[in-house]
Structures are given as C-alpha cells and as structure tokens.
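Report on one structure; see the data block that follows.
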Amino acid sequence: MAGIYLHIPFCKSKCHYCNFFSLASQKLKVPFLPALEREIDLTREYLGGETVQTIYFGGGTPSLYSPMALQGLMERVTSPPGPSPGGYTSPPDPSPAGEGRIVRPADMEITIELNPEDVTEEYVAGLRKTWFNRFSLGVQSFDDGDLRTLNRAHSAAQSMRAVTLLKEAGYGNISIDLIYGIPGSESSGWEKNLEIAFSLGVPHISAYALTVEARTPLAWMIERKKSAPVSDELQEKQFRTLVERTKANGYLQYEISNFCKPGHHAIHNTNYWNGVPYLGLGPSAHSYDGRSRRWNISSLSGYITAISKGEPVFESEQLTPDQRYNEYVMTSLRTMWGCNGKKIIFDFGITIYDLFKKGIMPMIGQGWVTKKEEVYYLTDEGKLFADRVASALFITG
Ligand code: SF4
C-alpha cells in the first residue's frame, strides 16, 4: 500500500504562526496546475507499482481551487500512464459524476484540507461531484479573539457553518484542526472550544500545541513584546484538559495529537507513522520509498521552471539503519499501537534492542512508559514528555 500527497502552495493571507511553504500571492495559481500534472506523469514509477490507498490534498489551501480542478488532478494520479512518456495531456472532462466519469477506486481514502471560509453551499455542491470522502477543516479555534491573534482569515461562525454544510451534504468523515496554548487564551476558552467540537459531532480532531517558529510574524511579535509569549504551563494545562475531555466524550487518542471516534482514524497519516511509502507532489513536498527520503525544491517559480523542462528538482537522502530505528521509535511511541520490541529485534537486531531496553527502563520507573508483551506505550503523563523519551532512546553519532 502507498499514499500520495499533493501540496497546494497558495493561501489568501499568511497566518502569524505559519512556517509551511505557502505564498499569499496567487500569481502562479494558473501555471501551477499543469506543472503539478506534469510532475504526476514524471514520478509515476516512484512507488514501484504499490497500490495507492490514500490521496491527501494539503497545503497551503487546496480549497482555493475549484472542486473540479482538484478532481482532475485525482483522476490524473489514478489513471494509467499517458500516451507519450513525460508528455502532458488535458485533464479529464469535468462532467458530473455518473456521466462517463472514472469511478473512485474502491476503499481509497481521499482527503482535502479546507479553510472554513471557502466552504460555501456552492463549494460543497461542487465537492459532491468529486471523489473526496474525508474533509479536514482548518478551524484552529472557535474563539474569534484567538483567530485574530493567529491572523486566520475566517471566523468561528464560518467554521461552525462549514461543519454543518458538510454534514448536510451527507459527509460523515470530517476532521477539525485545533490549536492550544494560544497567547492570551484562557483555560475556560479552550474547554469551550472542545465543547463546541463535541457538540458539532465531528468524529476526528487533530489538536496541536502552538509552536513559535523562527522567522514568523508570531516570533517577531513575541520578541518585540507585541504579543504575550507562549506559556509552557498553559500548554500543559490545556493538553491535560484535551486528553481528559476527549476521552470522556468517546474519542480515542490514537496519536498524541490525533483523536477519533472508533473507525475514524486518518488512514493517510497512520500510514506515515507506520512507515508506509508515499509520494509527495508539489513544491516542498516530501516522499519516502521505504529506504530513502526526498524533498522537492521550496520555490514555486523554481518548481514550475524545472518541471516544465521535465527535470524535477529535489534533494534526497538514503536512510541509515540508525536513522530508520530512530524514526520508528519516535513515531511508534506517539501512537496507541506503541513501540514493538519484537519489531526492533526483527528489523534492527538484538544489540539495538538491548540498547533500547537500557534506555527505556528509567522511563518505565518514572511512570512515563508502560509495557505489555514486549510492546511499549507512553502513559498519559509520558505523553507530555514524548520528545524527551524518544531522544533518550535515539542512537546518535
Ligand atoms: S492557511 Fe495554513 S498554510 Fe496557509 S498560512 Fe495559514 S497555517 Fe499556513
């Protein structure tokens, strides 16, 4: 099995905390689509014939394109290679579903990230003619004050309306992103955010601690005391509330930042954590084939120029066994499936497992890790120190 990620690098405006590769200028929005289609054709061999189980449109803001334009990309990704190697043919005719349209491959999870302000009745009607079956809304907060602090382009009311419109259209697989630890936010405000999420009945919540990335407006504002700093105590308090409230409302914490009702975990993201290969398309997108990683150039004009010459520009690295072990420990410990000692022995050898055990014993003593039949799991307390636990187990040098 494999996944495909398509990176759409445009946004209406830049959020203050964001360090993803995306541009507020949409000058290259039109030439970007044929470039992406061309990259799809140029990279068909990357996954070595693996069955594609998931497709994920992220960004940036995929919902800046019409549903039909995105459907064209999906059909391109899933169609057999074109008639002329490296050639570019027109996207499929955007006729309504059922009129000669290729049918979505069975059991495929196809996700689109949506910004709430783009989710209008008309846009949802457009989505109904596409293969998308999972919707990830960039809500971040249901508090307009928080949204202003983050410089988001939408309001809390637009987020609630977006969920309602998607549900009215019959979609059940809806996820919302929330951010905690926002400067100036109150614990009561965070609890209210969660209560609204529960009352909307969304089956999946991704909740992240606000991170102050270098060279972002947020970092600049904190440095110049124009914004309160991000407080570790507030983040810890809000994380504890998150874990407690989601559990009480029937959500499984299947990864440190991801919570779902049974059966609603994100297959695409879970596959990342399980080391399943994926192909990333678009500027800055990363790919993984099981042995090496590669990442596309983080320049939109550079990307378009290179692709139009048929020469994608990317950097790559071959992963060493130590790197693969470190990645396995770091990602598996974050999930509810835990870090499997037998897998470590099988993939990396008994000597590495002995080192792992030596490192993890003090964590068990500390109450941060628990063990059941050679599988190690973070406790609720340990989830607060996940990075510290993982780095104590890393092989370095
Ligand atoms: S919408 Fe997302 S990608 Fe765009 S600026 Fe905001 S956080 Fe970054």
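Observations on the structure shown:
- Selection status of Glu186, modelled with pLDDT under 95 and among the acidic types (Asp, Glu): yes
- Flag for Asn115 being of a type in the set (S, T, N, Q), assigned by TED's automatic domain parsing to the domain that holds Ile222, touching a residue at least 24 places away in the same chain (Cβ under 8 Å) and more than 16 Å from the ligand (Cβ to nearest atom): no
- Any chance Ile364 is surrounded by fewer than 16 Cβ atoms within 10 Å (Cβ to Cβ), part of a helix (DSSP H, G or I) and in contact with a strand residue (DSSP E or B) (Cβ under 8 Å, 6 or more places away or on another chain): yes
- Residue match in segment 304-317 (condition: touching a Pro at 6+ places or on another chain (Cβ under 6 Å), among the β-branched types (Val, Ile, Thr) and farther than 21 Å from Ile256 by Cα): yes
- Residues of segment 291-339 that are part of a loop (DSSP other than H, G, I, E, B) and of a type in the set (Ser, Thr, Tyr): Ser298, Ser299, Thr320.
- One residue stands out among those in segment 158-172 that are among the aliphatic types (A, V, I, L, M) and part of a helix (DSSP H, G or I): the one that is surrounded by the fewest Cβ atoms within 10 Å (Cβ to Cβ), which is Met160.
- For Tyr56, the conditions (1) out of contact with any His (no Cβ under 8 Å at 6 or more places or on another chain); (2) closer than 24 Å to Gly138 by Cα all hold with the exception of (1).
- Checked against the criterion of being among the polar types (S, T, N, Q) and closer than 20 Å to His265 by Cβ, segment 334-347 contains one or more residues that satisfy it.
- For segment 20-41, the set of residues classified as part of a loop (DSSP other than H, G, I, E, B) and more than 8 Å from the ligand (Cβ to nearest atom) consists of Phe21, Ser25, Gln26, Lys27, Leu28, listed by residue number.
- Taking segment 227-290 and the strands (runs of 3 or more DSSP E) fully enclosed by it, the elements with 2 or more residues that are out of contact with any Leu (no Cβ under 9 Å at 6 or more places or on another chain) and at pLDDT 95 or above are at 252-255.
The values are calculated or read from the model by the stated rules, or taken from the named source; none is laboratory data. Small disclaimer: the values here were computed from a predicted structure and weren't measured. All Cβ positions, even for glycine, are placed from backbone atoms using ideal geometry, and neighbour counts span all protein chains on display.
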